[in-house]
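The values are calculated or read from the model by the stated rules, or taken from the named source; none is laboratory data. On a predicted model such as this, the values are computed, not experimentally measured, just so you know. Don't worry about glycine lacking a Cβ; one is built from the backbone with ideal geometry, like all the others, and counts go over all protein chains shown. The protein model used for the area step is the full one, side chains on, heavy atoms only, and it has no ligands, DNA or RNA in it. Shrake-Rupley method; radii C 1.70, N 1.55, O 1.52, S 1.80 Å.
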Amino acid sequence: WRCGQAPPRPRPNPIRTEPKMMKTMTSMLSRASRMTLALGAMLQSRSPAGVRELALADLLVGPFMTALDPQELVTDIVVPLPAPGSGSAYACVEHPASGFALAGAAAVAGPGGERVAVTGVGATPFVLPAGGPRAAIADAEIFGDRFASEEYRRELAVVLAERALATARERTRG
């Protein structure tokens with residue numbers, strides 16, 4: 001799987017324990033969340049306690065962790081269609097060995113405004129508040145590790161957010 005392509009389908013596994021299934025689901029949601037997060041996707045879940053709706057931004061609470069209760073099941077994912085004349089883009093830089101993004105940004109631009117979601121730099125993907133990417137990312141909690149320092153990931157996130165936003169704006173014109 002490469003940045004800019006659809007995430008792979010999970011391989012069938014006849015033995016799925018609950019923790020393994022949760023890890024698989026959150027991994028898939030994390031991969032799929034980059035553009036759906038920028039589009040403002042909503043999820044509907046069902047449990048013995050009833051039905052509830054929550055934003056994708058509120059579902060992902062940490063690495064391989066969601067806000068779902070143990071007996072809660074996602075039943076619907078609603079991704080709003082972008083307005084006619086909208087454009088979108090995803091930009092990322094991958095770690096050469098793992099293929100996971102060191103940082104990535106998904107942007108949607110159109111008549112209804114602009115939204116940018118950033119991935120790979122913190123505990124969860126997140127949507128930037130309105131305003132320029134540099135100011136918004138300056139206030140975000142960014143993680144560093146042995147592959148990329150906090151400062152490098154922060155600057156990389158700014159560059160990728162600006163690049164994705166510029167490409168999305170370009171695509172609104174043509």
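The relative contact order of the range 27-124, computed from alpha carbon pairs under 8 Å that lie at least 6 residues apart in sequence, is 28 percent. Ligands, DNA and RNA left out, the 1.4 Å accessible surface of the range 49-174 is 55% carbon and sulfur atoms. Near the amide H of T66, within less than 5 Å, lie the amide hydrogens of V61, all on another chain or at least 5 residues away, with H placed in the peptide plane. In this structure, A130 and E170 have a Cβ-Cβ separation that, at R0 = 30 Å, corresponds to a calculated FRET efficiency of about 0.90. If you plug the beta carbon distance of S149 and A49 into 1/(1 + (r/R0)^6) with R0 = 45 Å, you get a FRET efficiency near 0.55.
Per-residue Karplus couplings for the range 91-98, computed as 6.51 cos²θ - 1.76 cosθ + 1.60 with θ equal to phi - 60°, are listed in order as 10, 8, 10, 8, 6, x, 7, 8 Hz, Gly and Pro entered as x.
Using θ = phi - 60° in the Karplus curve 6.51 cos²θ - 1.76 cosθ + 1.60, the 3J(HN,Hα) couplings for the range 135-150 round to 5, 5, 6, 4, 8, 7, 7, 10, 9, x, 8, 6, 8, 7, 5, 4 Hz; x is entered for Gly and Pro.
A DSSP coil position with no more than 14 other Cβ atoms inside 10 Å describes the following chymotrypsin sites (Phe, Trp or Tyr not before Pro) in the range 91-167: F143, F147. Close amide H partners of F143, meaning residues 5 or more places away or on another chain with modelled amide H under 5 Å apart, are G122.
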